[in-house]
Amino acid sequence: MSKARASLSRTTLVHLALIGYTLIAVFPVFLTLINSMKSRNAIFRNPMQLPTTETFDLVGYTTVLGQGDFASYFQNSFIVTVAAIALVLLFGAMAAFALSEYRFRGNTLMGLYLALGIMIPIRLGTVAILQGMVATGLVNTLTALILVYTAQGIPLAVFILSEFMRTVSDDLKNAGRIDGLSEYAIFFRLVLPLVRPAMATVAVFTMIPIWNDLWFPLILAPSEATKTVTLGSQLFIGQFVTNWNAVLAALSLAILPVLVLYLVFSRQLIRGITSGAVK
Amino acid sequence: MGSLQLKSVRKSFGPVDVLKGIDLDVKDGEFVIFVGPSGCGKSTLLRIIAGLEDATSGSITIDDQEVATVPPAKRGIAMVFQSYALYPHLNVKDNMGLGLKQAGTPKDEIDRRVAKASAMLSLEKYLTRRPAELSGGQRQRVAIGRAIVREPKLFLFDEPLSNLDAALRVNTRLEIARLHRELKATMIYVTHDQVEAMTLADKIVVLDAGVIQQVGSPMELYNRPANLFVAGFIGSPGMNFIDAGRLGVSDAKTIGVRPEHVALSRDAGTWQGKVVHVEHLGADTIVYLESEAIGTLTVRLFGEHHHAVGDVVFATPSADQTHRFDAVGQAIR
Amino acid sequence: MSDATSSRDTMAPIRRPRRWHIAVFLLPAFLVYSAVMILPLIETLRLSLFNTVDGEPAFVGLANFKVLFGDARWAADFWNALKNNVIFFIIHMLVQNPIGVALAAMLSIPKLRFAAFYRTAIFLPTLLSFVIVGFIWKLILSPIWGVSPYLMDLVGLKSFFSPWLGKPDTALIAVSLISVWQYVGIPMMLIYAALLNIPEEVIEAAECDGVTGWSQFWKIKLPLILPAIGIISILTFVGNFNAFDLVYTVQGALAGPDKSTDILGTLLYRTFFGFQLQLGDRSMGATIATVMFLIILAGVSLYLFVIQRRMRRYQF
Ligand SMILES: Nc1ncnc2c1ncn2[C@@H]1O[C@H](COP(=O)(O)OP(=O)(O)OP(=O)(O)O)[C@@H](O)[C@H]1O
Ligand SMILES: [Mg+2]
């Protein structure tokens, strides 16, 4: 931007506004992290202060790690999220390929049918989903969660991926056909590698709501063995409402993995969101 | 009104020097064209004049007023972009009128100017359409119309015709020439196209690597190129360059002769050569020779000529139309 | 579409082999989606027309809806939740989306320093789960801790502090603003992407026309990002009318104090699962879910068939 176009005072105002909002966005997280490492007295007396040698205290963390089964919650969340993303990507890409590549009767109808789920939340079917899971004996299994999240993720995945697959050159696919590749080989060997960036976008969009969901773990899999991190910390923190050290430590433990992953991948993630949004 | 002076204008993007000291004088009512190879800084220079980009150093004056800190809208310029850059959400009329409206011009004055500009450009039928509903040529005319209604001191065009097909390009070129005559405004125009440059310009500025190589009228550049770069850049097919040593000339390094300034004969002439390729263009015939004495030579003959590949012919340069260049490529006069 | 198959299309009489691969590609997605999402949704809608009469499931027509809208035991809760949900949505539209647009507009200023840093930081809350967000704000707004009074003191507003989450007349606003805090990142990103999509030359043309600063935003950029604002509005609508987690975390299933933060999601949860003394009621749960479905469907249809049709998408 040229000097003639931008005034210094306007730029300063913009920075002030952005710094202000950045503080609002980050401060609560920061406050939680610093206070989780302080003694109970210090938490109340000087909440704004960074932990000093006198006030430094990890009692909250020892309480939390001694009581909750966070490792197993974490493992459950991980299994559910990874399995659901894998299925969403595979099934979604296959359906997107069929819809974007072949002309057949019912193509448009099928596309609309699958797109319905983008706008209508799957939660509204919870009553019958629970019934179905009870009937098939899947209540309190991770499979139940994986199935629900797969169904939830498929519509958006089909939508985004078929947009991208239309951009893959027809000549390339026809060259493959002339070389004797089957339709399956064309899909797996030619098309999938080319839409990899779109798959990353879909993975991000799928992952966040799954990892953070409270509703379905609470309803379909609340047993100790199948609790996810989100549900686990919800219940755990609920028990400790008065033990501030433990609550702050538990919150910090829940934030840290997300924070670290985010700081590492934020560039890709934000690029994924903005490019996916443009589509 | 509408003169422009640039004094040692420099521009760097970080460590990259894009413009290395540009001095230029544009008089009121002149049509000045910037040409040069891709990436030489033509657009950057134009954008600096417009105020869309800051010069790193140097001074820019429009009508004797220093404009370095004046925003684009206050410089009395109007710019026509290569991609048209029309406002997609406004119809043709509003696209043309927005700048005036922003400046607080009374509505009837806006209407009058828009009507006049659209009459000039035969756009009356499209005033209520949006850009998406126009053809490429029509969009380009709207973009020009948007510049006209502002009645600027200085029109800036950045490759305005390069997105048009060949026929439309010729039409629009004539249109721009006519506009220049009618409006008598100062115009600065960037192009890749030699024909555009030669036909439209009062004055051509040849840029290379961020430096002005030569400024002059089209015929000056053609007849008296200042250096090897200009000599090779202006004219098509390009000038033949012959190593002076091979001709036994000692007071120059390179001898240049344009293809159209060489005569061919089957019997006798200065240089003997063998025809390696012939192109028939109808009005012209281009003959490529390979000669023992001087290497390859391109010859442009007017009308139809029949030379077969392998024929031995003699080429004679027209004596007073050769150019001599010294060791650093400067023309020797 | 491949040339090979399209040429076959035109020569219909030739018996072509069944293209089984199309079915194979579609089947997994179709099955999982139908079995886990669509059929349960339909079943839920169906269940809303049934209830237990004398211990037997029986078709009762619209009786469940009559009960929900008019019966003394249900209607008050339902209308309260609906009203709260509408307020919840309005606060999002009035606070979250304008802030998101403003942030995006500032971030998209060309060559703004630290833009990547601001973007990363402001998007952070969106990634956190409701549980984390809910508890953090519960602590910060708690009068026991004293962080909020302390901060308000810094700007001289200490006397305005009150335990907002605990008071019936402010709790809903407080919860809505927490949700806004978490979700501002989404409108910000979508608008940011839309703004980046406007060609630089159009903006430069505006600069030459003297349309700068504020008027540039209003006259050039805003009209061009209207479609993105439409998408954000409908996403906000759907998200708000199916929200649950944050209220549940901050205020519990009872959505206190005194049901002042009860929204349709929490009402559905309580109705379906029961709480404390009340037993879960499947039919009424399905009825509430159906109402939510109809509300969302109405919103989405309004968007698709009225708003989106009127809005032009611009090709640059
Ligand atoms: N914003 C920028 N940042 C860094 N380098 C730039 C920037 N804009 C232009 N350049 C560089 O400056 C040089 C000149 O660019 P400019 O656009 O003026 O070329 P041009 O002569 O208009 O070329 P063309 O004929 O292809 O349009 C190029 O090498 C380009 O890479
Ligand atoms: Mg250029």
Looking at the stretch A:85-93, is at least one residue out of contact with any Lys or Arg (no Cβ under 9 Å at 6 or more places or on another chain), more than 13 Å from every other protein chain (Cβ to nearest Cβ) and modelled with pLDDT of 90 or more?
-> yes
Options C:Gly230, C:Gly210: the member that is part of a helix (DSSP H, G or I) and either assigned by TED's automatic domain parsing to the domain that holds C:Val133 or under 26 Å from C:Ala298 (Cα atoms) (or both) = C:Gly230
Of the criteria (1) aromatic (Phe, Trp, Tyr); (2) buried (at least 17 other Cβ atoms within 10 Å of the Cβ); (3) more than 9 Å from chain C (Cβ to nearest Cβ), which one A:Trp211 fails = (3)
Among the hydroxyl-bearing types (Ser, Thr, Tyr) and within 23 Å of the chain's Cα centre (by Cα), is that true of A:Ser169?
-> no
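So which residues in the stretch C:132-176 are away from every other protein chain (no Cβ under 11 Å) and either in contact (Cβ under 8 Å) with a residue 60 or more places away in the chain or buried (at least 24 other Cβ atoms within 10 Å of the Cβ) (or both), if there are any at all?
C:Leu165, C:Gly166, C:Lys167, C:Pro168, C:Asp169, C:Ala171, C:Leu172, C:Ile173, C:Val175, C:Ser176, listed by residue number.
Residue-wise test of (1) more than 18 Å from the chain's Cα centre (by Cα); (2) open to solvent by 40 Å² or more (accessible area, probe 1.4 Å); (3) closer than 23 Å to B:Gly21 by Cα.
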{"position": "B:Ala209", "(1), (2), (3)": "no, yes, yes"}
{"position": "B:Ser217", "(1), (2), (3)": "no, no, yes"}
{"position": "B:Gly238", "(1), (2), (3)": "no, no, no"}
{"position": "B:Ile242", "(1), (2), (3)": "yes, no, no"}
{"position": "B:Tyr288", "(1), (2), (3)": "yes, yes, no"}
Considering only the stretch B:1-32, state which residues are more than 8 Å from ligand 1 (Cβ to nearest atom) and of a type in the set (Val, Ile, Thr).
-> B:Val9, B:Ile22, B:Val26, B:Val32
Does B:Val35 satisfy the condition of being more than 11 Å from chain C (Cβ to nearest Cβ), buried (at least 23 other Cβ atoms within 10 Å of the Cβ) and within 12 Å of ligand 1 (Cβ to nearest atom)?
-> yes
Unique residue being in a helix (DSSP H, G or I), touching a residue at least 24 places away in the same chain (Cβ under 8 Å) and closer than 18 Å to C:Pro40 by Cβ when the list is A:Ile129, A:Ile85, A:Ile79, A:Ile43 = A:Ile129
Taking the stretch B:215-229 only, how many residues are in contact (Cβ under 8 Å) with a residue 12 or more places away in the chain and either within 16 Å of ligand 1 (Cβ to nearest atom) or among the acidic types (Asp, Glu) (or both)?
-> 1
Residues (assigned to a helix (DSSP H, G or I), surrounded by 21 or more Cβ atoms within 10 Å (Cβ to Cβ) and more than 7 Å from every other protein chain (Cβ to nearest Cβ)) located in the stretch C:237-247 | C:Phe237, C:Asn240, C:Leu246, C:Val247
Residues located in the stretch C:38-80, provided they are within 14 Å of chain A (Cβ to nearest Cβ), of a type in the set (A, V, I, L, M, F, W, C) and within 24 Å of the chain's Cα centre (by Cα) = C:Ile38, C:Leu39, C:Leu41, C:Ile42, C:Leu45
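Among the residues of the stretch B:248-265, is there at least one that is under 15 Å from the mean Cα position of the chain (by Cα), among the β-branched types (Val, Ile, Thr) and within 25 Å of B:Thr285 (Cβ to Cβ)? Outline the logic, then answer.
We begin by selecting, within the stretch B:248-265, every residue under 15 Å from the mean Cα position of the chain (by Cα); these are none.
No, every residue in the stretch B:248-265 fails to be under 15 Å from the mean Cα position of the chain (by Cα), among the β-branched types (Val, Ile, Thr) and within 25 Å of B:Thr285 (Cβ to Cβ).
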Contacts under 8 angstrom Cβ, first residue in the stretch B:24-44 being under 17 Å from B:Leu200 (Cβ atoms) and β-branched (Val, Ile, Thr), partner near ligand 1 (Cβ under 6 Å from one of its atoms) and open to solvent by less than 40 Å² (accessible area, probe 1.4 Å), 6 or more apart = B:Val35/B:Lys42
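Quickly run through the stretch C:195-224 and pick out the residues that are charged (D, E, K, R) and either facing chain B (nearest Cβ under 7 Å) or surrounded by 16 or more Cβ atoms within 10 Å (Cβ to Cβ) (or both).
Across the stretch C:195-224, the qualifying residues are C:Glu201, C:Glu204, C:Glu207, C:Asp209, C:Lys219, C:Lys221.
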Do any residues in the stretch B:186-208 that are without any contact (Cβ under 8 Å) to a residue 60 or more places away in the chain and farther than 9 Å from B:Gly36 by Cα have Cβ atoms under 8 Å from those of residues that are more than 13 Å from ligand 1 (Cβ to nearest atom) and among the aromatic types (Phe, Trp, Tyr), where the two are at least six apart or on different chains, and which pairs are they?
-> B:Met198/B:Tyr222
Just name the residue that is nearest to ligand 1 (Cβ to nearest atom) out of those in the stretch B:43-69 that are more than 12 Å from every other protein chain (Cβ to nearest Cβ) and open to solvent by less than 10 Å² (accessible area, probe 1.4 Å).
-> B:Leu45
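Just the residues that are in a helix (DSSP H, G or I), surrounded by fewer than 23 Cβ atoms within 10 Å (Cβ to Cβ) and of a type outside the set (Val, Ile, Thr), please, taken from the stretch A:100-122.
A:Ser100, A:Asn107, A:Leu109, A:Met110, A:Gly111, A:Leu112, A:Tyr113, A:Ala115, A:Leu116, A:Gly117, A:Met119
Let's see how each residue does on (1) closer than 24 Å to C:Thr212 by Cβ; (2) in contact (Cβ under 8 Å) with a residue 60 or more places away in the chain; (3) charged (D, E, K, R):
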{"residue": "B:Ile77", "(1), (2), (3)": "yes, yes, no"}
{"residue": "B:Phe81", "(1), (2), (3)": "yes, yes, no"}
{"residue": "B:Gln102", "(1), (2), (3)": "yes, no, no"}
{"residue": "B:Glu109", "(1), (2), (3)": "yes, no, yes"}
{"residue": "B:Arg130", "(1), (2), (3)": "yes, no, yes"}
{"residue": "B:Ala147", "(1), (2), (3)": "yes, yes, no"}
{"residue": "B:Asn163", "(1), (2), (3)": "no, yes, no"}
{"residue": "B:Glu175", "(1), (2), (3)": "no, no, yes"}
Looking across the stretch B:147-179 at residues that are closer than 24 Å to C:Glu207 by Cα and open to solvent by 20 Å² or more (accessible area, probe 1.4 Å), the single one that is nearest to ligand 2 (Cβ to nearest atom) is B:Glu159
Which ones in the stretch C:95-131 are of a type in the set (Val, Ile, Thr), open to solvent by 10 Å² or more (accessible area, probe 1.4 Å) and at pLDDT 90 or above?
-> C:Val95, C:Ile99, C:Val101
Tell me which of these A:Ser72 doesn't satisfy, since it passes every other one: (1) within 12 Å of chain C (Cβ to nearest Cβ); (2) surrounded by fewer than 17 Cβ atoms within 10 Å (Cβ to Cβ).
-> (1)
Residues being open to solvent by 30 Å² or more (accessible area, probe 1.4 Å) and of a type in the set (Gly, Ala, Ser): count how many of those fall in the stretch A:134-190.
-> 6
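The values are calculated or read from the model by the stated rules, or taken from the named source; none is laboratory data. Please read these numbers as outputs of a predicted model, since none were measured by experiment. Here the Cβ is made from the backbone with ideal geometry for all residues, glycine too, and neighbour counts use every protein chain on show. Surface areas here come from the heavy atoms of the whole protein model, side chains and all, with no ligands, DNA or RNA. Shrake-Rupley method; radii C 1.70, N 1.55, O 1.52, S 1.80 Å.
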